[in-house]
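Engineer: I am attaching a structure below and will ask some questions about it afterwards.
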Amino acid sequence: MVDLVLLGDVLAGTARLGTPIAFAALGGVIAERSGLYNIGLEGQILAGALGAAAGSFATGSALIGLGCGVICGLVSGLFLGYMSIRLRINQLVGGIALNLLLAGLTAFLSRQIFGAQAGGARVEGFTQVRIPLLSDIPVLGPSLFSQDPLFYLLIGIAVLAWYWLMKSHKGLDLRAVGENPKAADLAGVPVFRLQYLAISISGALAALAGAHLVLSQVYVFAEGMSAGKGFIALAAIILGRWSPIGAVCAALFFGFCDAAQFKLQFSSPEVPYQLFLILPYIASLIALVILGAKASAPASVGLPYDREHR
Amino acid sequence: MNSLVMQRRVAVALLLALTVGGFLILFDGHNPFAAYKVLFFESFLNYWGFSNTLVKASPMLLAGLAVIIPMRAGVFNIGGEGQIYIGGLFGTVFALAAPDLPAVLGVPLIFLAAAIGGALWAAIPAYLKAYRGTNEVIVTLLMNFVAIHIVSYAVAGPLLAEGAPYPYSKEVAEAYRLPIVMPRSDAHAGFVFGLSLALILYFWLRFTPSGFQLDLVGRNARAAAYAGVDQKKTIIRAMLIGGSLAGMAGAIEVIGLKYRLFHLFSDGYGYDGIVVAFLAALNPIVAPLTALFLAGLSAGAGTMQRAIGVDSSVIEVVEGLVVVFVAAALVAPRSSSKSILKNLLIGGLFGRQKHSKKKEA
């Protein structure tokens, strides 16, 4: 029975640690499908986290905090879009610049908002919601069906994003832009408008990752609390083959490995826990090499579209 | 765009970034002019401050060169961070395995070991890019994390020093320490080493056929193929050089500054290298300057906070803004041909200004 308890713990950890990565990865999928790299996910997670903490701190309502976080993400997404679409700055450089900028800005603003108190101000967050009946299932119930509301939101958004991207007319247009913007443009698809839409949604989703860190995990804002999750999300996009559902599954796999290494560090210190930390990256690399990226990566991702050139 | 217009635009961009930062300092309740004065005096004109700047600039310069060389061949190496880690690991392992060599032999061999480590780490994305067409941005990024965890395992396991309170390796032999160039400070010879490499690389790119091939492949792969340049070999060569440069940055951190291998011993220098390379417009001879500038900003940020009380995070904001504004300033009003840059995967900031220079001439 000990093993079942352990399994339940690891599964609960998987959901908790995987959720922020999954939100950010979803955002990355939507941006890349429209032909834009979003290397700025890392910074946008911070923007979302600060917005959520500030909103919740000011009003005492986690829901308003969530809204503030999402707005911060939208704005940062629009800014990245302006750099990539309008100014046609190299998208990798633009993303790195955004990460630098937001890491500094969130640290600066957090000290203005919460004062110099170490550890930050504790803010109102979400509590776990037990889904009736389902949460009574042994092992799975307490771990997967007694999560915080943002985990359920993630599942809903993932399904929605899949439907929108893969089944709706607009999603088809968006994917066409990512594959061949020239052809899409000639067919009357509003290329730039769709790219702005995609990159803003992408920022908002990354911000949800930050909001989850603050409102569901630690209830404070801390500088640099994204801790590389935005970069891990970039790997999850690849492992998930640029599909919304795939990316969420990949992100949860990353979460599982993270949860497992936590457990392993305590239960059996003689096994190198780094093995579990490396595993998801190796899996992504192998997927990239064996399956090939060309088959599923959007063909025009990273190339700025210029109407006036052939 | 001619170089004068470009320089003026970059100057305006830098000024703009500092101005926005100035408003943040004002918002924080301090005098921006006083703050900037302290920042620049302390990081460039003060003896101790400048020694700190040099210490930070050394790995940044090598990491910047590690981005420049592959990028000239059209390959985006964002794996500098991982290559630094593996280079540091190889250098440390060699230094600990052969602790009794004379310094004249030992130090070059440590650098060689580190270069081999970095090059091996870069060889994987290079091979995949050249022969399988796999996107090098993704592969190098993923391999950074693998490298960090490998070093984390090494210093917590096989290399763990006896009685260490937290994971680090044994100290390398005192004979292997890099000489100090500014007496009584931490400023080691790493920057001088990087500076000479920058010069060599500049002349190599500018005056030798094999250096020219790099630019040819990077700017117009099809023309290079017609000219009989082996594109695959050029890409792999550029990445191997890039990897060995980053690897040596790892060795510098170990035998120049910390004398041990630590978990997380590189503070994102591989990523700083991208900014260094970008601000230098991919010119190796400008990279020492941009590395000093960036290192000065981050070294001075702490002093500014202690002296005036301005939050050091303002400087991070300024760094981000510098990149944004300089990037925007360098983008010509209309972008040039996309076909050249298709292989670059990137938006084409780097190839563009040279291309459009030709166009306007």
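The values are calculated or read from the model by the stated rules, or taken from the named source; none is laboratory data. Remember, predicted model here, so these are calculated numbers, not experimental data. Neighbour counts run over all protein chains shown; Cβ positions are idealised from the backbone, glycine included. Ligands, DNA and RNA are excluded from the accessible area calculation, which covers all protein heavy atoms including side chains. Shrake-Rupley method; radii C 1.70, N 1.55, O 1.52, S 1.80 Å.
Engineer: Can you check what the Kirkwood hydrodynamic radius comes to for the stretch A:45-91, Cα pairs only, in Å to one decimal?
Structural biologist: 11.1
Engineer: Continuing with this model, one more query. Helix by helix, which DSSP H runs in chain A go 30 Å or more along their axis at the Cα atoms and have an average Kyte-Doolittle hydropathy of -1.0 or more?
Structural biologist: Result, helices passing both filters: A:2-33, A:91-114, A:191-212, A:244-267.
Engineer: Using only Cα atoms, locate the centre of the stretch B:144-195 and the centre of the stretch B:261-314, then give the distance between them in Å, rounded to an integer.
Structural biologist: The stretch B:144-195 and the stretch B:261-314 have Cα centres spaced 20 Å from each other.
Engineer: For chain B, just say rounded, prolate or oblate: build the C-alpha gyration tensor, square-root its eigenvalues into a ≥ b ≥ c, call rounded for a/c under 1.5, and beyond that prolate if a/b exceeds b/c, oblate if not.
Structural biologist: It comes out oblate by the Cα gyration axes.
Engineer: Please give the average number of partner chain Cβ atoms lying within 10 Å of the Cβ of each residue in B:265-275, rounded to a whole number.
Structural biologist: Going residue by residue through B:265-275 and averaging, the value is 1.
Engineer: Which of B:PHE40, B:PHE193, B:PHE207 ends up with the largest GNM mean-square fluctuation for chain B, with Cα atoms connected below 10 Å?
Structural biologist: So, out of B:PHE40, B:PHE193, B:PHE207, the one fluctuating most is B:PHE207.
Engineer: Can you tell which of A:PRO138, A:PRO149, A:PRO269 shows the greatest fluctuation in a Gaussian network model of chain A with Cα springs below 10 Å?
Structural biologist: Top of the fluctuation ranking is A:PRO269.
Engineer: Moving on to the next point. Taking the Cα centroid of the stretch A:53-99 and of the stretch A:231-310, what is the distance between the two, rounded to the nearest whole Å?
Structural biologist: Centre-to-centre distance over Cα atoms comes out at 23 Å.
Engineer: Given +1 on the Cβ of Lys and Arg, -1 on the Cβ of Asp and Glu, and no further charges, what dipole in debye does chain A carry about its Cα centre, rounded to the nearest 20?
Structural biologist: Dipole magnitude for chain A comes out near 760 debye.
Engineer: At 0.36 nm per residue, and after removing the present C-alpha to C-alpha distance, how many nm does the segment from A:ASP3 to A:PHE266 gain when stretched out fully?
Structural biologist: Using 0.36 nm per residue and subtracting the Cα-Cα distance, I get 93.2 nm.
Engineer: Further question: So for the stretch B:60-286, averaging the separation of alpha carbon pairs under 8 Å that are six or more residues apart and normalising by length, what relative contact order in percent results?
Structural biologist: Taking the mean separation of contacting Cα pairs over the length of the stretch B:60-286, I get 44 percent.
Engineer: Largest first, what is the accessible-area ranking of A:ARG33, B:ARG8 with a 1.4 Å probe?
Structural biologist: B:ARG8, A:ARG33
Engineer: For the peptides A:153-159, A:217-223, what is the packing order when you average, over each peptide's residues, the other Cβ atoms within 10 Å and list the highest mean first?
Structural biologist: Ranked from most to least packed, the peptides come out as A:217-223, A:153-159.
Engineer: Let me ask you something else. Report, as an integer, the average count of C-beta atoms from other chains found within 10 Å of each Cβ along B:322-328.
Structural biologist: 6
Engineer: Moving on to the next point. Apply the Debye scattering formula to the stretch A:1-98, with a single equal point scatterer on each alpha-carbon and no solvent, then give log10 I(q)/I(0) at q = 0.19 Å⁻¹.
Structural biologist: -0.91
Engineer: Please find, in a Gaussian network model of chain B (springs between Cα atoms separated by less than 10 Å), the residue of B:THR92, B:THR303, B:THR234 whose mean-square fluctuation is greatest.
Structural biologist: It is B:THR303.
Engineer: Could you work out, residue by residue across B:147-156, how many beta carbons of other chains sit within 10 Å of that residue's beta carbon, and then give the average as an integer?
Structural biologist: Per residue, the average neighbour count from other chains is 4.
Engineer: Go through A:LEU165, A:GLY246, A:ALA49 and say which Cα lies farthest out towards the positive end of the charge dipole of chain A; charges sit on Cβ, +1 for Lys and Arg, -1 for Asp and Glu.
Structural biologist: Towards the positive end, the residue furthest out is A:LEU165.
Engineer: Using the beta-carbon distance between A:ILE290 and B:ILE285 and R0 = 51 Å, what value does 1/(1 + (r/R0)^6) give for FRET efficiency, to the nearest 0.05?
Structural biologist: After rounding, the FRET efficiency stands at 0.75.
Engineer: Hey, got the Cα dimensions of the stretch A:143-226 along the principal axes, in Å, largest first?
Structural biologist: 49, 31, 15
Engineer: Still on this model: Summing +1 for each Lys or Arg and -1 for each Asp or Glu, what net charge is found among the other residues whose Cβ lies under 13 Å from the Cβ of B:VAL254?
Structural biologist: Within the 13 Å Cβ shell, the charges total +2.
Engineer: For a quick protection proxy, order the peptides A:38-47, B:290-299, A:7-16, A:92-101 by their average other-Cβ count within 10 Å, most packed first.
Structural biologist: Order by mean packing, descending: A:38-47, A:92-101, B:290-299, A:7-16.
Engineer: Additional query: Helix by helix, which DSSP H runs in chain B go 20 Å or more along their axis at the Cα atoms and have an average Kyte-Doolittle hydropathy of -1.0 or more?
Structural biologist: Helices meeting the criterion: B:3-27, B:47-72, B:80-97, B:103-127, B:136-156, B:190-207, B:231-252, B:287-308, B:313-330.
Engineer: Same structure, new question: So, how do all the Cα-to-Cα distances of the stretch A:56-215 break down into 10 Å bins, in percent, from 0 on up?
Structural biologist: 10, 27, 30, 22, 10, 1
Engineer: Which of the peptides A:48-61, B:65-78 is most tightly packed, and how do the rest follow, going by the mean number of other Cβ atoms within 10 Å of each residue?
Structural biologist: Descending packing order for the listed peptides: B:65-78, A:48-61.
Engineer: If you don't mind, another one. Can you tell me the equivalent ellipsoid semi-axes for the protein assembly as shown? Use √(5λ) from the Cα gyration tensor, largest first, whole Å.
Structural biologist: Semi-axes from the Cα gyration tensor: 36, 31, 27 Å.
Engineer: Right, another one. Using only the alpha-carbon atoms, what does chain A span along each of its principal axes? Please give whole angstrom values in decreasing order.
Structural biologist: Sorted largest first, the three principal extents are 64, 48, 39 Å.
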